[in-house]
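Participant: I have a structure here, written as structure tokens, and I will follow up with some questions on it.
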Amino acid sequence: MSEEKNTIVKSVQKTDLHFTKEEVLRDYHIANLSRQLSVIGRREVLGGKAKFGIFGDGKEIPQLAMAKVFREGDWRSGYYRDQTFMLSAGMMTAEEFFAQLFGDTDLTYNPQTAGRVMNNHFATRSLDENGDWKNLVKQKNSSADISPTAGQMPRLLGLALASKIFRNVPVTEHMSSFSHHGDEVAFGTIGDASTSEGHFFETINAAGVLKVPMAISIWDDGWGISVAKKFQTTKESISEILRG
């Protein structure tokens, strides 16, 4: 074995990550399921059975990792590529994926959008069937996705700021279902092309100034729809820009 391979093996052996056989098989199942949903969904669109479709293939593995650290009480503010995360976090089923794709308006089958927006626009319900607040610290939460690029960023900042505020003010009994002493983290996702939007930079700057609990994942395809990132991102990497 070469010296390079020996180094790789040693670095892997030193990791603190531990996964059971069941976890590995579950992750593989979800990643494969998500990819097949994308493939079948695209086929349904091209065949004319669904009118429009946007999917999250190619981003399965990092989303599995993100789902592992996403806890009850946390919030997501993301976009339409996040189907693997939603599946892995238990916030969406394959049946609900197709209900969105075909624009089902029945809340029984499409509780996230009731067919009011494009497919793969994710959300969780904060109110119960009686219109009363649910206990949001006992469930995993997602704000409702919107279509304008980078539109998820300002609300991501607001969700993170809410956690900071809850951490610094006394929580009364009637507020205890909204936050566990500000322990929640706001998770955001965005495509690399959308990081060129002003909303993104304003959010990054404000998050640093306000020092809020926010984690952002940027799904880097190298392209913004059909435009290579070298034509729209300095250094061809938003991570390099933010590093300074």
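Throughout, read-outs are computed from the coordinates displayed, never taken from laboratory work. A quick note: this is a predicted structure, and the numbers were derived from the prediction, not measured. Note: ideal-geometry Cβ built from the backbone for every residue, glycine included; neighbour counts use all protein chains shown.
Participant: Taking R0 as 30 Å, what's the FRET efficiency between residue 138 and residue 21 from their Cβ-Cβ distance, rounded to 0.05?
Facilitator: Numbers: r = 29 Å, r/R0 = 0.98.
The pair residue 138/residue 21 has a calculated efficiency of 0.55.
Participant: So what are the ³J(HN,Hα) numbers for segment 138-151, from phi and the Karplus equation (6.51, -1.76, 1.60; θ = phi - 60°), rounded to whole Hz, Gly and Pro as x?
Facilitator: Each residue's phi maps through the Karplus curve to give 9, 9, 8, 10, 9, 5, 6, 5, 10, 7, x, 4, 6, x Hz.
Participant: Order the peptides 172-180, 115-123 from the highest to the lowest mean number of other Cβ atoms within 10 Å of their residues. Before the final figure, lay out each step's value.
Facilitator: Details: 172-180: 12.9, 115-123: 19.3.
Most protected by this proxy first, the peptides run 115-123, 172-180.
Participant: Can I ask one more? What whole-number distance in Å separates the alpha-carbon centres of segment 33-67 and segment 195-239?
Facilitator: Rounded to whole Å, the Cα centres lie 23 Å apart.
Participant: Just name one of 107, 205, 174: the one whose Cα is farthest towards the positive end of the charge dipole of the chain (beta-carbon charges, Lys/Arg +1, Asp/Glu -1).
Facilitator: The one lying farthest along the dipole's positive direction is 205.
Participant: Once a ≥ b ≥ c are taken as the square roots of the eigenvalues of the Cα gyration tensor of segment 71-171, is the result rounded (a/c under 1.5), prolate (a/b larger than b/c) or oblate (a/b not larger than b/c)? Mind dumping the intermediate values first?
Facilitator: Details: a/c = 2.00, a/b = 1.50, b/c = 1.34.
It is prolate, given that a/c is not under 1.5 and a/b is the larger ratio.
Participant: Relative contact order for the chain: what percent, with Cα pairs under 8 Å and sequence separation of 6 or more? Working shown, then result.
Facilitator: Values: 364 pairs, mean separation 38.7, N = 244.
Relative contact order here is 16 percent.
Participant: Label points 7 Å out from Cα along the Cβ direction at residue 183 and residue 105: separation in nm?
Facilitator: 4.3
Participant: If packing is taken as the mean number of other Cβ atoms within 10 Å per residue, what is the order of 89-101, 47-59, highest first? Could you put the intermediate results ahead of the total?
Facilitator: Values: 89-101: 19.5, 47-59: 15.5.
The packing order, highest mean first, is 89-101, 47-59.
Participant: Calculated from the structure, Rg/Rh (Cα atoms, Kirkwood Rh) equals which of (1) 0.99; (2) 0.94; (3) 1.12?
Facilitator: (1)
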